[in-house]
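Quick notes on the structure that follows.
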Amino acid sequence: MIRVNGEPLSWHPGKTVEDVIREKNYRFPLLIVRINGRLVPREDYGKTEIPDGAEVDVIHLMSGG
Amino acid sequence: MMNREVNDITIEIDGKRVTVPEDTAILDAARRAGVYVPSLCSSDLVEPYGACRLCLVEVDDGSRTRLVTSCNFPVRKPLKVSTSSDRVKRNRKTVLEMMLARWPEVPLVKDLAGAEGLTGARYVHPNVDLNPNACVLCGLCVRICEQGIWEKIVNFSGRGVDRSIRMPYDSLQPHCVGCGACAEICPTGAIEMVDDPNRPYDAEMIRKAGMRITREMIKYDEQQCDMRGVGTAHLVEVMDAYDLLPVENYRFGRHEDTLKIESRVFREKYFSPGKPDGCWLGCTMSCAKAIEGYELKTGPYKGRKVLVDGPEYETVAGASNMGIFDPDFVVEYNFYCDTYGLDTISFSTLTAFVMECYKAGILDEEKTEGLKIPFGASDAAMELLHLIAQGRGFGRVAGKGIRYMKKYFVEHFGADPDFLQDIGMEAKGMEYSEYVTKESLAQQGGYGIALKGAQHDEAWLIFMDMVNKQIPTFEDKAEALHYFPMWRTWFGLCGLCKLPWNDIEPPDNAETDEPAKVPEHVKGYCEFFEGMTGEPQTMDSLVRMSEKVYNFQRVFNLRMGFGTRKHDVIPYRSMGPVTVEEYESRKERYDSQLEEQVGLDPRNMSTGEKLAALRKFREGQYEKLLDAVYKRRGWTDNGVPTVEKLSDLGVDFPEVMELVRKHGG
Ligand code: FES
């Protein structure tokens with residue numbers, strides 16, 4: 001189990017950032033992803049595996065107006 | 001945004017192996033491999049052009065070996081590349097010698113030639129130019145003007161040795177806003193900016209700040225919001241994905257037919273391709289879009305082919321809000337709203353209200369004077385639009401807006417005023433714009449407290465609040481509802497558009513302390529202001545400017561009979577589900593909220609009981625939010641700016657003070 005923006009999400013070995021974005025249907029293009037506070041570059045979403053128990057932040061940058 | 005699948009190809013450059021996506025230019029691959037190749041006419045901001053021939057390399061594809069310009073030679077199969085074979089060196093030297101003969105004093109040319117061991121040319125060029133800032137005809141200025149700025153201010157003229165860069169008819173072009181992109185990209189300093197019509201304090205500072213945005217627009221927009229491609233319409237599919245796209249008078253947040261009106265449809269079938277449509281000359285975002293040759297199906301111009309400006313997100317989402325998923329309808333109502341001088345947001349939101357009243361039996365064909373207008377009735381919606389413009393029939397009533405209709409339906413048709421208050425999406429008399437706010441308390445406040453009425457443009461906080469969970473406490477939400485409205489007000493004070501602030505972002509924005517504020521761009525605005533006026537600024541000083549005006553505007557509202565807590569009330573539809581059908585459609589979500597946030601066991605409750613309990617909770621939350629925001633802004637519990645706050649801001653004019661004192665401020 002991992003947490004994405006504070007909410008639990010199921011985990012399996014090899015689950016990548018891209019998998020999470022697809023599963024959560026995060027279609028907005030301006031995202032910032034952090035795994036346990038560490039920034040993941042956009043180019044690496046497909047190959048970055050998330051460890052079990054991780055806190056994942058997927059920050060959507062449409063804000064303020 | 002998901003990327004197209006591209007193959008990776010491995011090539012060898014001077015014996016170094018490097019893997020790049022298909023179609024990468026050899027020059028870029030070489031840079032990635034850390035191999036230096038001299039170049040002059042290429043830039044990451046424009047398409048390659050192959051003008052200078054300095055970037056020559058030798059390519060062996062297994063069957064033959066040849067010389068190519070590396071800046072515009074795409075990698076499509078494994079290659080062996082040599083950047084310094086004898087053949088390459090010989091040809092590169094010849095190219096440089098010709099340049100040196102013609103422009104012997106240009107430092108860049110001298111440096112490039114020097115690197116190849118050349119100190120002078122062996123012959124004299126007939127058109128030798130001894131200017132150290134001479135134009136070397138690389139064409140970068142021509143390309144950035146056309147591809148980056150979408151203008152054609154500068155271009156090549158003449159042929160052979162007479163070839164030069166000019167403006168048409170050698171005169172200043174009215175289209176040129178002096179953005180300075182050509183001067184910025186020029187490698188020799190041949191273009192000098194001389195015309196500063198507004199006589200700003202420091203034009204260079206402004207141009208530099210502007211150029212940073214232009215650079216980002218050219219390089220990153222396509223992968224980010226694609227504002228240049230489809231404008232704000234890209235938000236249609238995004239909002240649908242997050243259950244935020246208003247459907248049937250904000251009852252729901254998504255619909256299976258959204259794909260019929262998503263941005264892809266407008267891009268592929270409607271928008272005039274490749275034609276920029278900015279609000280003013282020189283805007284590199286150019287997010288306004290145009291549709292040419294659309295044949296109207298209704299109204300006074302029926303059968304005519306017209307140019308339609310749009311549609312933007314709000315206009316498309318206005319259609320889904322009426323339950324209509326027909327792109328032709330979107331274009332048609334967009335055109336007629338523009339032509340009649342009506343706003344697509346007010347029209348669509350009030351029509352969605354009429355449709356729900358029709359569905360609920362408050363209206364019928366008799367009461368609408370013959371209009372059969374359930375959700376999805378596109379013909380009836382168009383008919384209503386024409387009637388509003390003509391001031392005829394039911395259009396006379398509907399055209400006065402939701403606030404008027406609520407009163408009218410109660411007085412004339414005996415409708416239930418509470419139900420109408422719940423579903424009539426207006427605040428301070430203005431119709432809601434097109435976002436579902438039920439799951440974002442901060443956004444409910446963003447609409448309710450906004451000075452002009454129910455608009456999101458003071459503060460769009462749904463992602464921060466509902467998706468990112470960045471502002472969980474009342475204090476966090478109040479801080480956001482202080483900062484963002486003040487920040488947004490500043491654009492209004494300066495007559496600037498907000499979109500280049502955060503609909504494009506610097507690539508390293510994620511690494512900043514407060515990415516939501518886009519600090520790099522805020523810095524650019526500080527420079528813009530300083531460049532204009534000569535007064536250095538900070539984020540805080542800009543916000544302080546707005547705070548003065550914003551508080552003064554609130555007092556103005558007060559004087560006009562608004563501006564207190566009771567005017568910041570919003571319809572319950574924007575806070576939560578009004579009807580059983582709405583509740584049931586997202587039952588799992590609401591049930592779990594009742595359990596986790598309210599502490600009730602939904603299993604033993606009827607939907608009616610659950611609706612009531614959720615409502616009580618959410619209305620309470622909204623009141624607490626108002627308390628927190630008023631406190632943060634230095635207002636009384638009744639939402640009135642205090643005497644101390646206004647004195648501190650220097651807005652303590654006698655009439656202002658007298659008015660706020662009367663209201664307990
Ligand atoms: S850089 Fe390739 S031809 Fe000029």
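When only C-alpha pairs under 8 Å and at least 6 residues apart count, what is the relative contact order of chain B, in percent?
So the answer I get is 9 percent.
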### Task
Could you order peptides A:42-54, B:213-225 by the average number of other Cβ atoms within 10 Å of their residues, highest first?
B:213-225, A:42-54
### Message
Taking 30 Å as R0, compute the FRET efficiency from the Cβ-Cβ separation of B:Arg396 and B:Ala360 and round it to 0.05.
### Response
0.90
### Message
Counting heavy atoms of the protein chains only and a 1.4 Å probe, report the per residue accessible area for the stretch B:461-662 as a whole number of Å².
### Response
45
### Task
Would you tally the net charge around A:Leu39, using a Cβ to Cβ cut-off of less than 11 Å, leaving A:Leu39 out, and scoring K and R as +1, D and E as -1?
-1
### Task
Show the residues, 5+ positions off or on another chain, whose built amide H is closer than 5 Å to the amide H of B:Lys152.
none
### Query
Between the stretch B:172-218 and the stretch B:511-552, what is the C-alpha centre distance in whole Å?
22
### Query
So how far apart, in nm, are the two label points at B:Ser272 and B:Lys566 if each is 7 Å from Cα heading toward Cβ?
5.2
### Global geometry of the stretch B:20-106, whether rounded, prolate or oblate, following the gyration tensor of its Cα atoms and the 1.5 cut on a/c
oblate
#### Entry: Out-of-range pairs (alpha-carbon distance over 23 Å; input A:Lys24/A:Lys47; B:Lys269/B:Lys289; B:Lys406/B:Lys631; B:Lys438/B:Lys610; A:Lys15/B:Lys260)
B:Lys406/B:Lys631; A:Lys15/B:Lys260
### Task
Relative to the longest principal axis of the C-alpha atoms of chain B, give the angle of the C-alpha long axis of helix B:344-359, reported between 0 and 90° and rounded to the nearest 10°.
40
### Query
Compactness ratio of the stretch B:370-452: Cα Rg over 2.2 N^0.38 Å, N = residue count?
1.23
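Let's test the formula: R0 of 60 Å, r as the Cβ-Cβ distance of B:Lys16 and B:Glu475. What FRET efficiency results, to the nearest 0.05?
On the way: r = 56 Å, r/R0 = 0.93.
Once rounded, the FRET efficiency stands at 0.60.
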### Message
On C-alpha positions alone, give me the angle between the axis of helix B:203-220 and the longest principal axis of chain B, in degrees, nearest 10.
### Response
80
#### Entry: Shape category assigned to chain B from the gyration tensor of Cα positions, a/c cut at 1.5
prolate
### Message
Between B:Ala288 and B:Arg615, what is 0.36 nm times their sequence separation minus the Cα-Cα distance? Round to one decimal in nm.
### Response
113.8 nm
### Query
When the Cα centres of the stretch B:347-377 and the stretch B:266-302 are compared, how far apart do they sit, in Å?
30
### Message
Through the Karplus equation 6.51 cos²θ - 1.76 cosθ + 1.60, θ set to phi - 60°, convert the phi angles of the stretch A:33-44 into ³J(HN,Hα) values in whole Hz; use x for Gly and Pro.
### Response
10, 10, 10, 6, x, 9, 5, 10, x, 3, 5, 9
### Message
Under the 0.36 nm per residue contour assumption, what length would be gained going from the current alpha-carbon distance of B:Leu130 and B:Ser171 to full extension?
### Response
12.3 nm
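Could you state the accessible area per residue of the stretch B:8-84 in Å², with a 1.4 Å probe and every protein chain left in place?
I get 48 Å² per residue for this part.
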### Query
Tell me, in nm to one decimal, what length is gained between B:Lys498 and B:Thr65 on full extension, where the rule is 0.36 nm per residue of separation less the Cα-Cα distance?
150.6 nm
### Task
For a label point 7 Å from the Cα of B:Val598 along Cα→C-beta, name the residues of the stretch B:623-641 whose backbone N is under 18 Å from it.
B:623-625
### Query
What is the helix-to-structure angle for B:607-633, meaning the angle in degrees between its Cα long axis and the longest Cα principal axis of chain B, kept from 0 to 90 and rounded to the nearest 10?
60
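Report the Stokes-Einstein translational diffusion coefficient (µm² s⁻¹, integer) for the protein assembly as shown, Rh taken as the Kirkwood radius over Cα pairs, at 37 °C with viscosity 0.692 mPa s.
On the way: Rh = 29.3 Å.
Taking Rh from Cα pairs, D becomes 112 µm²/s.
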### Task
Keeping the other protein chains in place, figure out the carbon and sulfur percent of the accessible area of the stretch B:228-431, with a 1.4 Å probe.
48
## Note on the structure
Output row, site B:Tyr123, 7 Å Cα→C-beta label point, backbone N cut-off 14 Å, window the stretch B:99-115, residues B:99-102
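For a Förster distance of 41 Å, can you work out the FRET efficiency between the beta-carbons of B:Arg559 and B:Glu295, rounded to the nearest 0.05? Each step should come with its number before you reach the end.
Numbers: r = 49 Å, r/R0 = 1.20.
Efficiency computed from Cβ-Cβ geometry: 0.25.
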### Message
Give the aspartates and glutamates reachable from B:Lys477 as a straight Cα distance under 12 Å; neighbours fewer than 8 places away on the same chain don't count.
### Response
B:Asp465, B:Asp627
### Query
How large, in percent, is the carbon and sulfur part of the accessible surface of the stretch B:619-665 at a probe radius of 1.4 Å?
49
### Message
With an 8 Å Cα cut-off and a minimum separation of 6 or more residues, compute the relative contact order for the stretch B:461-662 in percent.
### Response
23
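State whether the stretch A:2-60 is rounded, prolate or oblate according to the following rule on the C-alpha gyration tensor (a ≥ b ≥ c being the square roots of its eigenvalues): a/c under 1.5 gives rounded; otherwise a/b larger than b/c gives prolate, and the remaining case gives oblate.
Verdict is rounded for the stretch A:2-60.
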## Note on the structure
As straight-line cross-link partners of B:Lys645, the qualifying aspartates and glutamates (C-alpha separation under 16 Å, not fewer than 8 residues apart within one chain) are B:Glu547, B:Asp637, B:Glu655, B:Glu658
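Counting other Cβ atoms within 10 Å, which trypsin sites (Lys or Arg not before Pro) in the stretch B:351-451 have at most 12 and lie in a DSSP loop?
Of the trypsin sites (Lys or Arg not before Pro), the ones in loops of the stretch B:351-451 whose Cβ has at most 12 other Cβ atoms within 10 Å are B:Lys372, B:Arg392.
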#### Entry: lysines with Cα under 19 Å of B:Lys152, excluding same-chain neighbours fewer than 8 positions away
B:Lys275
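The values are calculated or read from the model by the stated rules, or taken from the named source; none is laboratory data. Every value quoted in this text rests on a predicted model; they were computed, and no experiment measured them. No Cβ is skipped: glycine too gets one built from the backbone with ideal geometry, and neighbour counts run over all protein chains shown. Areas reflect the complete protein model, heavy atoms only, side chains present, ligands, DNA and RNA absent. Shrake-Rupley method; radii C 1.70, N 1.55, O 1.52, S 1.80 Å.
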